[in-house]
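Since the structure comes first, as structure tokens, the remarks are kept for the end.
The values are calculated or read from the model by the stated rules, or taken from the named source; none is laboratory data. The model shown is predicted, which means the values in this text are computed figures rather than measured ones. Neighbour counts run over all protein chains shown; Cβ positions are idealised from the backbone, glycine included.
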């Protein structure tokens with residue numbers, strides 16, 4: 001079921017208000033016309049033995065008409081109150097999601113743990129003559145997105161989505177605010193590309209929800225690099241590119 005946003009709630013409230021006004025006007029016109037026709041019959045014949053019964057029915061009808069119109073506006077007030085409750089609940093849920101995403105990002109291993117794990121896995125792969133793959137995931141905002149999106153929520157959802165697709169032996173690290181590194185032991189280039197494709201499929205929901213894209217690059221030892229120093233240089237070069245881009249963006 002699609003979640004209601006503020007624009008949809010505002011549109012529903014306006015539509016409800018319009019229906020309430022139209023209903024109240026129609027009831028008032030119909031009831032007023034009926035009262036106009038009933039008035040001569042009720043108050044014209046003073047000698048009619050049923051005049052008090054007709055007058056009671058007349059005033060009862062007028063009272064019911066007023067009560068019904070009041071009910072329509074009370075219903076509109078209830079709808080407005082329910083809308084405010086829904087908006088407050090949406091805000092609370094958003095705050096909880098942001099807090100959960102922030103907690104997840106804070107608990108993720110940082111670049112210091114990444115260097116240690118990368119060195120250890122490289123030595124293991126070199127000693128046992130096995131392969132080691134490294135996935136670098138960079139988050140990028142779409143330039144054509146006009147709605148405001150929270151980067152913490154987007155990155156938290158992305159980290160959660162990628163963690164679901166990792167194997168028990170794989171590990172994920174947050175190298176920069178919007179830069180992740182995944183260490184895949186005993187993984188050749190072909191399998192690493194397959195994992196990258198699965199990650200992109202899993203990130204489609206995040207991409208559609210937050211309006212950001214993710215660039216995943218694959219690096220393998222010994223196919224692409226021959227030493228741990230080369231792997232480190234690849235990571236550092238991409239980190240420096242992000243820092244340079246952030247500096248240029250801040251200046252402009």
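Among the residues of the stretch 123-142, those that are more than 27 Å from the chain's Cα centre (by Cα) and either surrounded by fewer than 17 Cβ atoms within 10 Å (Cβ to Cβ) or free of Cβ contacts under 8 Å to residues at least 40 places away in the same chain (or both) comprise 123, 124, 126, 127, 128, 129, 130. The residue list 22, 36, 42 contains one member that is modelled with pLDDT under 80, in a helix (DSSP H, G or I) and in the same structural domain as residue 83 (by TED's automatic domain parsing), which is 42. Of the helices (runs of 4 or more DSSP H) lying entirely inside the stretch 130-223, those containing at least 3 residues that are farther than 21 Å from residue 102 by Cα and at pLDDT 85 or above are 189-202. Counting only residues that are surrounded by fewer than 22 Cβ atoms within 10 Å (Cβ to Cβ) and under 12 Å from residue 214 (Cβ atoms), which one in the stretch 177-196 is nearest to the chain's Cα centre (by Cα)? Looking at the filtered set, the residue picked out is 178.
This table checks each residue for (1) at pLDDT 85 or above; (2) more than 30 Å from residue 159 (Cα to Cα); (3) out of contact with any helix residue (DSSP H, G or I) (no Cβ under 6 Å at 6 or more places or on another chain); (4) in the same structural domain as residue 224 (by TED's automatic domain parsing).
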| site | (1), (2), (3), (4) |
| --- | --- |
| 67 | yes, yes, yes, no |
| 70 | yes, yes, yes, no |
| 78 | yes, yes, yes, no |
| 90 | no, no, yes, no |
| 96 | no, no, yes, no |
| 121 | yes, no, yes, yes |
| 126 | yes, no, yes, yes |
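The number of residues in the stretch 96-129 being in a helix (DSSP H, G or I) and either in contact with a strand residue (DSSP E or B) (Cβ under 8 Å, 6 or more places away or on another chain) or farther than 22 Å from residue 160 by Cα (or both) comes to 17.
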